[in-house]
Amino acid sequence: MAKISTGDITTHVQQLAAGAAGGSVPDGDIPVVVFVHGLLTDSLASYYFTLGPALSAAGIDTVMYDLRGHGRSDRPRTGYRLDDFVDDLAHLLDGLGEERPVHLVGNSFGGTVATAFAAWHPERTAGVVMIESEPPVADWAARMAEGLAHAQRELVRDEVIDWIAEHNGAHTARLSRGAGRILAGTAIAEEISLGRTIDDDLSAIRCPLLAVFGGDSGLNAQVPWLEARLPLCRTVVLPDQGHSVLVEQPTRTRELVLDWVREHHAAGTAPPAVAAGAVR
């Protein structure tokens, strides 16, 4: 593990080289996957214990890092517009000396960062996988601002944390209390909606995109909208799953990500038609 200067903060990063997790290194060009985690209750650990080592073993260079304000990265008081998170990622790639176009895998808010990066740095993006996420259009910013304001009010109340512990367990309660500390100690709730967004037609996203949703999550309502606007888009809906797809379906998610990266790293073309069923 290491810390790298990324503009105005220091970012905690973990790299796993192809084959480092016990697999073989393929001949020729090696793809690189950068994992971007979710907001408030998440860190690079969610990938370290699910997807990262497996992709490394499969012959892919992997990069996992803590977003600003999270994990072991710096937590400044201000600087939490979407632009700041995207700039951090660009600075991180610069600091690592990474010149290859990267495959970005983003969970929840991490998928929003990934699609924003793809829109604003198309030359550096080979493709995007967003898991239970949505692109940063204006409606997203409004919903995020409302949700974070509500969380900021509620997660500092002991009775709310006690309710979470009773209904969701002590681990979730600890994560929620940590999220409350981030919200209380930073301007993230106020700033997240002030940043740059992309147009609703999604024309700024020109790379291949795989979108994975839980069948019980409201985010899967995006499927027809995404498919109508992104010619290089494929959507997968996993039945009987909510927002925690990455945690609850790590094996299936790993298979989807690995197949997608291999396909588009090798071909660099639009995804072919897929079979009917859960995959759309």
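The values are calculated or read from the model by the stated rules, or taken from the named source; none is laboratory data. All figures in this text were calculated on a predicted structure; none of them were measured in a lab. Here Cβ is always computed from backbone atoms with ideal geometry, including for glycine, and neighbour counts include all displayed protein chains. Calculation scope for accessible area: heavy atoms of the full protein, side chains included, ligands and nucleic acids excluded. Shrake-Rupley method; radii C 1.70, N 1.55, O 1.52, S 1.80 Å.
Of all the criteria given as (1) more than 30 Å from residue 215 (Cβ to Cβ); (2) touching a residue at least 60 places away in the same chain (Cβ under 8 Å); (3) more than 15 Å from the chain's Cα centre (by Cα), the one not satisfied by residue 88 is (3). In region 1-18, the residue that is surrounded by the most Cβ atoms within 10 Å (Cβ to Cβ) out of those that are in a loop (DSSP other than H, G, I, E, B) and aliphatic (A, V, I, L, M) is 18. Note on region 124-147: among residues that are closer than 18 Å to residue 106 by Cβ and in a helix (DSSP H, G or I), the one that is most open to solvent (accessible area, probe 1.4 Å) is 143.
Scanning region 49-62 for residues that are in contact with a strand residue (DSSP E or B) (Cβ under 8 Å, 6 or more places away or on another chain), closer than 13 Å to residue 250 by Cβ and not in a helix (DSSP H, G or I) yields one hit, 51. The requirement of being open to solvent by less than 30 Å² (accessible area, probe 1.4 Å) and in contact (Cβ under 8 Å) with a residue 60 or more places away in the chain is not satisfied by residue 93.
Results for (1) buried (at least 22 other Cβ atoms within 10 Å of the Cβ); (2) farther than 19 Å from residue 208 by Cα; (3) of a type in the set (Asp, Glu), shown as yes or no for each residue.
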| residue | (1), (2), (3) |
| --- | --- |
| 52 | yes, yes, no |
| 102 | yes, no, no |
| 117 | yes, no, no |
| 122 | no, no, no |
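The residue that is most open to solvent (accessible area, probe 1.4 Å), among those in region 78-90 that are in contact with a Ser or Thr (Cβ under 8 Å, 6 or more places away or on another chain) and within 15 Å of residue 190 (Cβ to Cβ), is 78. Restricted to region 31-48, and to residues there that are part of a loop (DSSP other than H, G, I, E, B) and touching a residue at least 40 places away in the same chain (Cβ under 8 Å), the residue that is most open to solvent (accessible area, probe 1.4 Å) is 41. Evaluation of residue 203 against the conditions (1) in contact (Cβ under 8 Å) with a residue 24 or more places away in the chain; (2) part of a helix (DSSP H, G or I) shows that the sole unmet condition is (2).
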